[in-house]
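What follows is a set of notes on a single structure, which appears directly below.
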Amino acid sequence: MNLLVDHIVQIVDDPKQAGCQLKRLNFDVVEHVTEAPETSYVRSTCDNTYLEYRGRRCTSSQTFRLINKSRERKGDVGGQTTGTWIAFQVENLECLAQRLTGEGFRVFCLSEPATLMTEGVQKESRVLFPRMKTKRMMPLPVFVERGEASHHVQPASLAWLPRHSEGLRLRNIVIAVRDLPFVIETWARILQRRPTESWIQADLNAYCARIPLDDDIYLIFCTPTGDGVVQDVLTKHGERPFLLNFTGSNRQGDSAVCGTVYRLT
């Protein structure tokens, strides 16, 4: 199956702060800010995906409400207890659900109301969460099937949408994990993609392996080999995506956005 990174969502205390930090990195940002930060969200779009930072009680998404409800009762819907999840766009959610069920996963599916997309059309979506039949907590992907465009919106409504942050492309998503062999084997089964390379990442003091996606994006899973960034993430936040690498920026280096490292190259 084709695998595109549809979007990445992170739950934060103050989405407006995330928006300010992204603007400083020259990302185009659109904010939906309320008086209470916990019900706000911001969105930013690059050439091959979009990013959302949501307050802890934002209710604009049924998917988010399900995940948030699970977090509150310390459950394990899709392993999404870390406050960050990666959603992949697929063409046939039913076939994926059947395959994952046959491989021993439990799956949860729900429908989302029409969402305004960057091309100026509204599309309904279906979302699938895989869940492991185990108490083990680890990040797992989310899958989205986009429906046909329901209708085009008026030009005035497009002001809500962020423009593409021109030239910026997501290249790597780096995830901190404790048991690298177990996690990467689980993701490889779900995604039907095998890891292609492993190495010691000196600046992270970690052993890493990567799985290729389509659109020239890689998932990189890292486990600590000693004190350092990855060990700090696991200690403070648990297993989660913690670094996003973008190419095509007019600036270089690492910057923090609400606890996530943005590496611009």
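All of the numbers you see were taken from the coordinates with simple rules; none came from a lab. The model shown is predicted, which means the values in this text are computed figures rather than measured ones. Here the Cβ positions follow ideal geometry from the backbone for every residue, glycine too, while neighbour counts run over all protein chains shown.
See the values below:
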| quantity | calculated |
| --- | --- |
| Local electrostatic count at P212 - Lys and Arg +1, Asp and Glu -1, tallied over other residues with Cβ under 11 Å | -1 |
| Net charge, V230 excluded, C-beta distance under 15 Å - Lys, Arg +1, Asp, Glu -1 | -1 |
| Long-range amide H partners of C46 with built H, under 5 Å | L51, S165 |
| Under 10 Å, Cβ to Cβ, from T49 - net charge with Lys/Arg +1 and Asp/Glu -1 | -2 |
| Of every Cα-Cα pair in the stretch 180-265, the percent that sits beyond 14 Å | 68 percent |
